[in-house]
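See below for the structure under consideration.
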Amino acid sequence: ELERIKVPIVYGPKEKYVTRIESDPDLQKETAITLPRMSYEIKSITYDSARKQNTMLRQAKGNTSTRMASQYMGVPYNFQIDLSLYSRNIDDANQIIEQILPYFTPDYTITINPVPELGFTKDIPIILDSISQDITYEGNYDAVRYVLHTLTFTVKGYYWGPTTTPKIIRKVITNIFNDPSLQAGYITRIN
């Protein structure tokens, strides 16, 4: 190992970085982008009906002896995320990719605590869908080429609604009718 480099990652579309690299291919400006670099972007959010649960299910946790916090189950969505990796040469890009790929076979599951007030955990799989490569060779011999890899992931996440703290039911009023004809399974008509 000759050198260890921290590769910065920011949110932004790949077109922004490709335009920046092409406008200053030698990267001589003071605000130059140093390569390698990564960016990510949420490309789409789609509802996942296959993971839908009963909409009346609730998570609940007692806060005190007279209060409890509750919330309806999360609504499942799939988030498609593109991770773009920019480098000057293929070797740098391959060294970064070989540090990412071993975790995905083809998914990597993380455990999150989505609603700290309720204290439950949820497993969220992140699936590696595809990897594409684009190497720019355009220009003369003096122009700097760049290598772009795009890794597409699907995150099987959820959206949760607000947490509510309803009061505990302490008093119930009921009206009970004791009619023997109803207990026998038939109703008598009174004219």
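Summary table below
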| item | result |
| --- | --- |
| Residue check for Val7: modelled with pLDDT of 75 or more, hydrophobic (A, V, I, L, M, F, W, C) and in contact with a helix residue (DSSP H, G or I) (Cβ under 8 Å, 6 or more places away or on another chain) | yes |
| Number of positions in segment 61-85 that are modelled with pLDDT under 90 and either crowded, with 16+ Cβ neighbours inside 10 Å or not charged (D, E, K, R) (or both) | 12 |
| Considering residues of segment 23-51 that are exposed (fewer than 10 other Cβ atoms within 10 Å of the Cβ) and part of a helix (DSSP H, G or I) only, the residue modelled with the lowest pLDDT | Ser23 |
| Asn54 vs. criteria within 22 Å of the chain's Cα centre (by Cα) and surrounded by 13 or more Cβ atoms within 10 Å (Cβ to Cβ) | no |
| Hits in segment 71-124 - residues which are over 13 Å from Thr150 (Cα atoms) and hydrophobic (A, V, I, L, M, F, W, C) | Met73, Val75, Phe79, Ile90, Phe104, Ile110, Ile112, Val115, Leu118, Phe120, Ile124 |
| Within segment 124-178, tally of residues that are part of a strand (DSSP E or B), over 22 Å from Met38 (Cα atoms) and either among the aromatic types (Phe, Trp, Tyr) or modelled with pLDDT under 85 (or both) | 4 |
| Inter-residue pairs, beta-carbon under 6 Å, first open to solvent by 40 Å² or more (accessible area, probe 1.4 Å) and in segment 110-126, second acidic (Asp, Glu) and in a strand (DSSP E or B), 6+ apart | Thr111/Asp123 |
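The values are calculated or read from the model by the stated rules, or taken from the named source; none is laboratory data. Keep in mind the model is a prediction, meaning the values are calculated, not measured. Every residue, glycine among them, receives a Cβ derived from its backbone with ideal geometry; neighbour counts consider all protein chains shown. Accessible surface areas use protein heavy atoms only, side chains included; no ligands, DNA or RNA. Shrake-Rupley method; radii C 1.70, N 1.55, O 1.52, S 1.80 Å.
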